[in-house]
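Below is one structure, written out as structure tokens; comments come after it.
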Amino acid sequence: MAVQEGLTAPSSPERTRLWSQTGILVLFLGPAAAYALIFLILPYASVFRFSVWAVENYGIHQELTAANYLRIAENPLYRAAIRNSLLVAGIVTTASVVIGYALAVYIAFFSGRGQSALFFLLVIPLWTSFLLRAFIWRMILGRQGILNSALLWVGVVDKPIDVLLFNMFSVCLTLTYVFIPFVALPVYAALEKIPKDLIEASMDLGGSAWVTFRRIIIPLSLPGVVTGAIFTFCLSFGDFVTPTLLGGPDVLMVSSVIINQFGASFDWPMGSALAVIVIVIVATGVALATQLERRNG
Amino acid sequence: MQRRTFIQATATFTFGAVAAGSLPAFGGEELRLLTWEGYAENAWVKNFEAEHGVRLSKTYVGSNDEYMAKLAAGGGDYDLVVIVSSLARRAIDAGFVEPLDLSQIPNFENIFPRVKNVPFIAKDGQIYAAPTFLFVSPVTVNAKALPEGNDFGVLFDRKNAGRIAMWDDVSTLGDVANWMGIDDIWNMTDDQLAAVRAKLVEQKPLVRTYWSQQGEAMDLFANNEVIAANSSSYITKILKERGVPVREFLGKPPLGGIDSHFVVKGSPNRELAHRFINHILSAESQGSIADVTGYMPTNPASKAHMRPETWTELGLDDISREIDSMKFWDDIPRRARYIEVLNEVKAA
Amino acid sequence: MGEAMRRWGGGLGTLFRILGITSLLFLYLPIVVLILFSFSAGRTFTFPIIGYTTHWYAALAENSDLLRSLKNSFLVAAGVVPLTLLLGIPAAYALSRIPFRGRGVLEHVFMLPLMIPGLITGLSILLLLKEFNLGLSLFSVVLGHTVACLPVVMAQVTARLRTLDPRLEEASQDLGAGTIETFLRVVLPNLTTAIVGSALLVFILSFDEIAITFMLTGTENTLPMYIWASLRRGVSPELCAIAALMVAVSICLVFTGLRFSKSGAE
Amino acid sequence: MGSTALLKSSVREGDAIVSFDRVEKRFGEFVAIEDLSLDVRRGEFLTLLGPSGCGKTTTLRLINGFELPTRGTVAIDGQAVSDLPPFKRCVNTVFQSYALFPHLTVEENVAYGLVIKRLPRRDVESRVRDMLERVRLSDKAKRRPRDLSGGQMQRVALARALVNEPAVLLLDEPLGALDAKLRRSMQFELRRMHQDLKLTIVCVTHDQEEALTMSDRIAIMNSGELIQLGTPREVFERPTCRFVADFIGGCNFLAGSVDGAGVVKLTDGIAIKDGDSGPPRKVTIAVRPQNISLVSPEATPFTAIVRDVAYLGTMQRVALERGEVSLHADCPENYADIRPGGLVGLKFDPEHIALFEEG
């Protein structure tokens, strides 16, 4: 790791000092960097390597081939899976950001004395198994679920409605439900950092609550929104539990296909190639979001 | 064993007080089993443990995918593994498992002759697995909603739109192909596959969901989400037990599968593993399995060791009669393509 | 923080109060349902619930497989939390205080697992272990979770360091303490909140992790894996019972913490 | 290396304890310090004075070691210290806004340096006790910094540095955060401590009054350069350049020239002073507001229009305008007949004007 040198050539004493900094750097950063190298860089590199190999009868041929990528390009199945994942991730991110943001603003500005208790209410759902929280939505959205029972009882419908479950809607609803706290928490943290003076200054300058919200609060909380949005997008894009449990016939997502490849299909190279594509898509998304944040910040 | 001990020691050290005393120190050996939940219940495992002074450590998985992934990732963590008949050939060819020494498994001789002689557990004259559980894949229907009819076509009937579930598994392709009259259902030609796919795509608007776990399928029936699904007899049995009005019928010819115990290659507990296989094949164990779980035994002698009503409920008279005509889930040479077709249906 | 907003919020306040309370209800609806089912007399999850029982809670104590998976989850989290803290805190400190070439790149590399789906992180480690013929165990699960949780610790600690006056560290050095002593005596004590916060978050994330565990677990199941596997037989209200217990425990923890932090502030 | 050892090794009074030898400090392209040579004498109170960004804080940080010179050497007690990290230097600093450790009590803050040096606990306790007594904070020993007032925090910071018996005590804007009254009393307290403890102090400030009150010598800096070094009296009374004259005490500047006969004239020809030697040249004439007396406009050709009069308690400040040039004059309260818009005559003692070369 090269220690940064000044623009001018450092004199010898400067170098002595930087040496001791290098020592500290190695001591403090070394273990984590080594860990990241072994369990992060090398594994991701393995995914790239496997993706250009082929499989034959449960054995992996270490022969360079583009066949996996060609298969992905040719078969509309894979494009559909990726498109579905992108669609779900996009909808879920938008919905979670809107709801999570509203929730964070409510807790930060309008909740009064119970603020800290409400903040912790955001965390408690995270303590419940993700699987069960996803699963329980089946019980709510099903033909005999709470929602249909309620609708029937009120008389809005006269027979249970099917469109609530086993489609894109139920997948997005459940994932949104899961990720709201992941947006609300960083947004709340960002809102909390906005100095009270700024809000007062805005109001002093004649800005109503609406104007203050739009011109001061939203721009200053953007970093929190971006953090939460990136997190939500990436995690919902790669989820396989929710589409498996609530997806129904139409919601084929790329993660499920990858699991197939690593399981019964036993085509690790193919699965790796799909994984590489997911990595590329996610990296592009993150880069775009960061760019957007930088331009606005 | 040594590496494992080392890891446990390290783990204990790393985890400190939390771990202290929580990892039991077994005096005897440990037999490590990779299996389905329900295949290693206390009712027939405790007596084995007591008799041999060993402890059975069980790892459950949720799908066939996981079995193969785990074996491929390093089978060294297990001594015994349960593999379904459609993947048996693969496991043998890939070298995940080793041949059995039948002289150590006297009970092997007692299982259904047809089952004993299935091709996919043998290679080069050696037997690699002991078929331990039978199942058929029937169509389960809600008896109230569909009191009549015994045809697979119920799953393609527009009257049942939105109330049909299909198994998210390659076996569904086999089921449909079988219904369409295709003979070599596990080795279809491209044209045949395309025909099956077309049939499934046509069916898709009628489908409520594809189920992947048995429990899911049961919940679908219990919650009245669906009234018909291709399933497994275990599902029907449990649903009946829970008072859900269901009935089932078999395809023509009936399709079924076999789950078999294999010894994982390089297992340090070969002998013990063989004893366990012999134990689970015994009429006593098989009877108790049928009683407790409703899985079907492969040892007909188990009839004497289960409640008479279990035998009837499981329809084992029919099975015994039809077993020779039954089509078992067999190796699928183009498994990856089958899975792709299944996914193509979902993506269509 | 927003006295002025609360007081003069007007229609905006009403809107956000409605939105906020609605979303909280939305967040808690499934949890209420879950708790209801944990007392359901029937074995399947159907409405309306036929009768009520505490049977499932009693059954918890009997279910040795479930208890074992619960214990495994604790073991994994108990390994992941110290490991991530030990690796993450000094690394975050070095990254935010010592300039060197390639720092920006390294920062991004550490954050990768937050963005790449856990399934892929898990399978990539699986591929690596496979290449070196290493087996799977709770240990490999710990390794995998640590990769995924390291960025959580680093992000939280970095955020706190950004608000920590660097003059405190200079003052310490000025008074004769070297870098390491300064780190231990001045920096660490001032990171307490961030450390406790990230430890808690890492614990939760590791405890509930599915995707990486799915790929890396060996003979032992963690609780989420147990639940996943038991979906095969149908989720039993027993699982709802354990989830309900965890909610109860977390509520207790949170409100004890709340009271504690309040009395600390006085 | 203990600071006490260094203190004892010093025998001579008045010799240099810190010396800068042709020191240059760059941050990338930016030159923060340019060719600085400066000696801090043992036992003196030296103030680095200048506007913000002039390099005074960088100079201080070159002493305590948080910056290293790009060129040249910094020596403490005759020993070049460029390779010594801050924690090995026998100097201690009172930081701007104090940098008290929020997680430690007052007592623990003060004890910090001694604990780091692994002094026996008994010694640490007694020295901390003594020091807290000296800064009159014994009753606050168990408090946390956030429970203290600004003045108390300042005294803790001072105690924390002094307890280590530094060879040089560095003060970075030490009184910047205090109100005017507290600041004045602290100025005298610092001075008293300096004398009592025979300390060497280097202080950074942008407040000229503070510098004049406390210092033995003042080093005035601007844009990374040392402009003038001298006692408060020297820099106030004999500024060597327009910048110093303006920065210390404030000044009026008038364009003028010296003719061949040595007469100093304003540009419009009014003679101000004669008897100046040297060649004819353009000059800037500097005169402080308090040295201007306002007289009747008939008494002198040097007149100006009154723009504004500000009340300053014992004085009044008069803003004047003479053509393009603005001037200030301080004159006693109740001074007759000055109203905004009126014409006044200006007079000053030739002794009190200074001439700076143009350019």
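Chains C and A together bury roughly 9100 Å² of accessible surface, counting both sides and using a 1.4 Å probe on protein heavy atoms.
Loop exposure criterion: GluC sites (Glu not before Pro), DSSP state outside H, G, I, E and B, at most 15 other Cβ atoms within 10 Å. Applied to chain A, the longest stretch between such sites is A:64-297. When its C-alpha radius of gyration is set against 2.2 N^0.38 Å (N residues), segment D:2-244 gives a value of 0.99. Put the Cα centre of segment C:83-158 next to the Cα centre of segment B:140-177 and the gap is 47 Å. For segment B:201-348, the fraction of C-alpha pairs farther apart than 23 angstrom is 52 percent.
Think of a 1.4 Å ball rolled over the protein heavy atoms: chain C then has 37 Å² of accessible area per residue.
Sorted largest first, the spans of the alpha carbon positions of segment C:1-153 along the three principal axes are 62, 57, 24 Å. Chains C and B together bury roughly 3300 Å² of accessible area, counting both sides, with a 1.4 Å probe on protein heavy atoms only. These residues, D:268, D:330, D:259, go from largest to smallest accessible area, 1.4 Å probe, as D:268, D:259, D:330.
Membrane-span-like helices in chain C (whole DSSP H runs, Cα extent of at least 24 Å along the helix axis, mean Kyte-Doolittle hydropathy of at least 0.0): C:11-38, C:64-97, C:138-163, C:237-265. In segment D:71-114, burial by the other protein chains removes 40 Å² or more of accessible area from D:87, D:95, D:99, D:101, D:103, D:112, compared with the chain on its own (1.4 Å probe, ligands and nucleic acids ignored). For chain B, the longest principal axis of the Cα atoms and the long axis of helix B:283-293 meet at an angle of about 60 degrees. Peptide A:140-149 has a mean shielding of 5, counted as Cβ atoms of other protein chains within 10 Å of each residue's Cβ.
Mean per-residue shielding of peptide C:21-29 is 6, counting Cβ atoms of other chains within 10 Å of each Cβ.
Against the longest alpha carbon principal axis of chain B, how many degrees, from 0 to 90 and to the nearest 10, is the axis of helix B:42-52 turned? The angle comes out at about 30 degrees. Loop-resident chymotrypsin sites (Phe, Trp or Tyr not before Pro) (DSSP state other than H, G, I, E or B) in segment C:62-166 with no more than 13 further Cβ atoms inside 10 Å of their Cβ: C:132.
Going by accessible surface with a 1.4 Å probe and the largest first, A:116, A:255, B:325 read B:325, A:116, A:255. Entry comment: accessible area of segment D:179-286 is 47 Å² per residue, from protein heavy atoms only and a probe of 1.4 Å. Hydrophobic long helices, here whole DSSP H runs in chain A with Kyte-Doolittle means of at least -1.0 and Cα atoms spread over 30 Å or more along the helix axis, are found at A:12-36, A:76-105, A:168-193, A:268-296. By the rule of a C-alpha distance below 30 Å, with chain neighbours fewer than 8 residues away ignored, the lysines paired with residue D:198 are D:8, D:56, D:88, D:117, D:140, D:142, D:181.
With Rh defined as the Kirkwood radius, the inverse of the mean 1/r over Cα pairs, the Rg/Rh of the protein assembly as shown is 1.12.
Averaged over the residues of peptide C:139-151, the number of Cβ atoms from other protein chains lying within 10 Å of each residue's Cβ is 3.
Could you work out which residue, out of A:32, A:150, A:81, moves most in a Gaussian network model of chain A, that is, has the largest mean-square fluctuation with Cα springs under 10 Å? With Cα springs under 10 Å in chain A, the top fluctuation among A:32, A:150, A:81 is at A:32. Here the gap between residue A:116 and residue A:288, fully extended at 0.36 nm per residue and compared with their Cα-Cα distance, gives a gain of 58.5 nm. Cross-link check: pairs B:46/B:116; B:265/B:346; B:46/B:240; A:193/C:71; B:240/C:71 evaluated at a Cα-Cα cut-off of 31 Å; pairs beyond the cut-off: B:265/B:346; A:193/C:71; B:240/C:71. Model label points for residue B:29 and residue D:73, set 7 angstrom from Cα along the Cα-to-Cβ axis, are 7.8 nm apart.
Between residue C:67 and residue D:119, how high is the FRET efficiency from 1/(1 + (r/R0)^6) when r is the Cβ-Cβ distance and R₀ = 56 Å? Nearest 0.05. The calculated FRET efficiency here is 0.55. The trypsin sites (Lys or Arg not before Pro) of segment D:182-242 that meet both conditions, a loop assignment by DSSP and at most 12 other Cβ atoms within 10 Å of the site Cβ, are D:198.
When chain D is treated as a Gaussian network with alpha carbon springs shorter than 10 Å, the biggest mean-square fluctuation among D:43, D:55, D:313 belongs to D:313. Per atom type, segment A:157-297 shows carbon and sulfur on 64% of its accessible surface, probed at 1.4 Å.
Placing pseudo-labels 7 Å out from each Cα toward the beta carbon at residue D:22 and residue D:240 gives an inter-label distance of 1.9 nm. Residues of chain D were split at every exposed loop site, defined as GluC sites (Glu not before Pro) in a DSSP loop with at most 13 other C-beta atoms within 10 angstrom, and the longest piece left, sites excluded, is D:30-323. Rounded to the nearest 10 degrees, the angle from helix D:150-162 to the longest Cα principal axis of chain D is 60 degrees.
The values are calculated or read from the model by the stated rules, or taken from the named source; none is laboratory data. Only a predicted model underlies this, so the values are computations on that prediction, with no experimental measurement involved. Ideal geometry is used to build each Cβ from the backbone, glycine not excepted, and the neighbour counts take in all protein chains shown. Ligands, DNA and RNA are stripped out before the accessible areas are found, and what is left, the full protein with its side chains, is counted by its heavy atoms. Shrake-Rupley method; radii C 1.70, N 1.55, O 1.52, S 1.80 Å.
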